Amino acid sequence: MKYLKFKNSNESVPIGKLVCVGRNYLEHAKELGNDAPEFPIIFLKPASNVIFSGENVIHPPYSNNLQHEVELVLYIGRDIKNANDEEAENSIGGYAVGLDMTLRDLQFELKKNGEPWTLAKCFDTAAVLSDIVLKSDYKLKCNENISLSVNGVVKQNSDLSKMIFSPVEIIKYISARMTLEKGDLIFTGTPEGVSKVIPGDKIEASIENIGKIFTQISK
């Protein structure tokens with residue numbers, strides 16, 4: 001079992017399910033050849049995928065196109081079901097920077113065959129997390145810069161105001177379909193600029209006032 005890491009807190013919370021939102025930035029949807037979604041596109045990752053800043057992402061040998069996706073991650077601090085706006089906001093216990101590592105070649109192949117994305121999204125080290133900043137220490141404004149660089153070259157650079165669905169809208173949508181529990185994490189989607197990485201590449205990702213991630217791709 002893996003546990004979350006918090007800034008300014010020694011609380012011990014096991015990581016629950018990782019609920020991820022696809023295509024939540026218009027320009028990212030466009031770069032993958034997709035239209036803007038009418039509702040959040042949801043997929044899951046297991047807690048066993050999680051590593052933390054400073055640990056290495058292992059490049060699976062069965063893919064030739066591993067790509068980075070930097071995302072705002074919401075920490076769910078209380079159990080919630082069928083949330084309204086206020087309940088959704090109050091369920092957010094904090095925020096983190098996350099990387100949703102994706103096997104893009106496998107994803108396209110699975111989509112072409114009408115099959116689930118699971119194997120393209122769920123592999124060991126496919127979810128990288130920073131420490132969580134508690135909401136009591138920082139209240140998100142949703143205009144913070146979100147960025148990622150590979151070997152010092154900026155690849156993704158946007159701000160959270162460009163999300164199609166806000167954190168509250170995402171939580172309302174998900175909680176109407178499944179119970180969210182304390183320790184669950186919601187990956188809220190990535191902006192445009194995703195690109196291929198290979199063993200040896202060094203990734204730095206950050207969200208203004210939330211934190212940074214450092215990781216390296218290894219075999």
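In plain terms, the bigger the Kirkwood radius, the slower the diffusion; for the range 96-194, with that radius from Cα pairs, at 4 °C and 1.567 mPa s, Stokes-Einstein puts D at 82 µm²/s.
Compactness of the chain, taken as the C-alpha radius of gyration over 2.2 N^0.38 Å, stands at 0.94. Per atom type, the range 13-165 shows carbon and sulfur on 49% of its accessible surface, probed at 1.4 Å.
Taking all protein chains into account, the per residue accessible area for the range 16-127 stands at 42 Å² (1.4 Å probe).
The distance between label points at Thr118 and Ser12 comes to 3.2 nm (points 7 Å beyond Cα on the Cα→Cβ vector).
Pairs to check: Lys45/Lys81; Lys17/Lys196; Lys111/Lys155; Lys111/Lys139; Lys81/Lys141. Give those whose C-alpha atoms are more than 31 Å from each other in this structure.
Flagged as over cut-off: Lys111/Lys139.
Amide hydrogen proximity for Arg23: with H placed 1.01 Å from N in the peptide plane, the residues at 5 or more positions away or on another chain lying under 5 Å are Thr190.
From largest to smallest, the equivalent ellipsoid semi-axes obtained for the range 62-144 from the alpha-carbon gyration tensor read 31, 16, 10 Å.
Residues His28, His59, sorted by accessible area with the largest first, give His59, His28 [1.4 Å probe; ligands and nucleic acids excluded]. Taking all protein chains together and a 1.4 Å probe, the residues Met178, Met1, Met163 rank Met1, Met178, Met163 from largest to smallest accessible area. For the pair the range 145-190 and the range 1-62, the centres of their Cα atoms are 8 angstrom apart.
The values are calculated or read from the model by the stated rules, or taken from the named source; none is laboratory data. Every value quoted in this text rests on a predicted model; they were computed, and no experiment measured them. We place every Cβ from the backbone using ideal geometry, glycine too, and count neighbours over all the protein chains shown. The area values use the complete protein model at the heavy-atom level, side chains included, leaving out ligands, DNA and RNA. Shrake-Rupley method; radii C 1.70, N 1.55, O 1.52, S 1.80 Å.
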